[in-house]
Amino acid sequence: MLLTRNKKLRQLVALGETANLLFLKLLLRNRRSAREFPGVVYREYLARVGRDLWRSASIFELFPELAEKPPRILLEHLPGQGIHDAIDELAYMALVARALASSLIFEIGTFRGRTALNFALNSPPDCRVLTLDLPLEEAEAADLGPADRALTQRRRVGQEYANKDVTHKIEQLYGDSRSFDFAPYAGQADIVFIDGGHTYEIARSDTENAIRLCRPGGAILWHDFGNYGDYADVVRAVLDCLPADEVYQIGSTQLALYRKP
């Protein structure tokens, strides 16, 4: 039921699948966190079972070379001000950048630039990190879902990578990802990271563009993967574009990964 379009039905069934006494206690103490509880439980279940609607694997199963010669990574993590970037997710993205010795990383959805900064910190000196976001003047008129519209009111594009020692590696692009011309970068990106609009239409368009952007052997990463709430359409969009057996949730996180053959 996680893949159904009906949000209320999806969340009702989610309670039946994942609710327990701890959920009821959480509901009484923190209603907002309780809404996220079913997704957390399902992702943890999948990490332990390994395969259900899609697959789950550890970062070292996905990139065995990391276990053979573990690289050092450098993370910069600041309080989220309502925007949650888990440290383990930033670490996994950094490890993917190290594993692929990336020369071009393309990010769809800059927001404040935290992930762009961490990609730049953990990629080779000559790597280019291209990050795309809506122009400020177009954000109000863009056809976004209600959750994304609320987020755009709090964004400060690129503020977290500004004036850093790796800022020169990051190039800020502006445009609507559904109409942006990705052709100059086709087949060149070692990593494409998708964390833009979360409606089905936007997530599917971004995924289709990412497949064209990614080089053979490269990786596509999605954030907000495996949720029952407003962001559930990300999962539907990804699995409508790619075989479920080729999409891996990294551990129990909200990160999903696909390696292009």
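Side notes on the structure shown:
- Evaluated against (1) farther than 22 Å from Tyr45 by Cβ; (2) touching a Gly at 6+ places or on another chain (Cβ under 6 Å), Tyr228 falls short on exactly one condition, (1).
- Any chance Ile87 is surrounded by 15 or more Cβ atoms within 10 Å (Cβ to Cβ) and β-branched (Val, Ile, Thr): no
- For region 215-234, a residue qualifies if it is of a type in the set (A, V, I, L, M) and either at pLDDT below 95 or within 20 Å of Ala101 (Cβ to Cβ) (or both), and the qualifying residues are Ala219, Ile220, Leu221, Ala232.
- Flag if Phe111 is under 23 Å from Pro71 (Cβ atoms) and surrounded by 20 or more Cβ atoms within 10 Å (Cβ to Cβ): no
- Candidates in region 1-24 are the residues that are over 19 Å from Tyr231 (Cα atoms) and of a type in the set (A, V, I, L, M, F, W, C); of these, the one that is surrounded by the fewest Cβ atoms within 10 Å (Cβ to Cβ) is Leu21.
- Region 25-72, subset hydrophobic (A, V, I, L, M, F, W, C) and assigned to a loop (DSSP other than H, G, I, E, B), residue surrounded by the fewest Cβ atoms within 10 Å (Cβ to Cβ): Leu53
- When region 6-24 is filtered for residues that are aliphatic (A, V, I, L, M), part of a helix (DSSP H, G or I) and free of Cβ contacts under 8 Å to residues at least 24 places away in the same chain, the ones remaining, listed by number, are Leu9, Leu12, Val13, Leu15, Leu21, Leu22, Leu24.
- Taking region 212-254 as the range and being farther than 21 Å from Lys7 by Cα and either under 15 Å from the mean Cα position of the chain (by Cα) or in a loop (DSSP other than H, G, I, E, B) (or both) as the test, the residues that pass are Ala219, Ile220, Leu221, Leu242, Pro243, Val247, Tyr248, Gln249, Ile250, Gly251, Ser252, Thr253.
- Beta carbons closer than 6 Å, at least 6 apart along the sequence or on distinct chains, pair a first residue in region 187-211 that is in contact (Cβ under 8 Å) with a residue 24 or more places away in the chain and closer than 19 Å to Asp126 by Cβ with a second that is in a strand (DSSP E or B) and of a type in the set (Phe, Trp, Tyr) for Ala189/Phe106; Val192/Phe106.
- Within the set Tyr92, Tyr42, the sole residue that is closer than 28 Å to Thr167 by Cβ and not basic (Lys, Arg) turns out to be Tyr92.
- Residue within region 106-113 that is part of a helix (DSSP H, G or I) and either hydrophobic (A, V, I, L, M, F, W, C) or touching a Leu at 6+ places or on another chain (Cβ under 7 Å) (or both) present: no
The values are calculated or read from the model by the stated rules, or taken from the named source; none is laboratory data. Keep in mind that this is a model prediction, so the values were computed, not measured. A quick note on method: Cβ atoms are made from the backbone with ideal geometry, for glycine too, and the neighbour counts reach across all protein chains shown.
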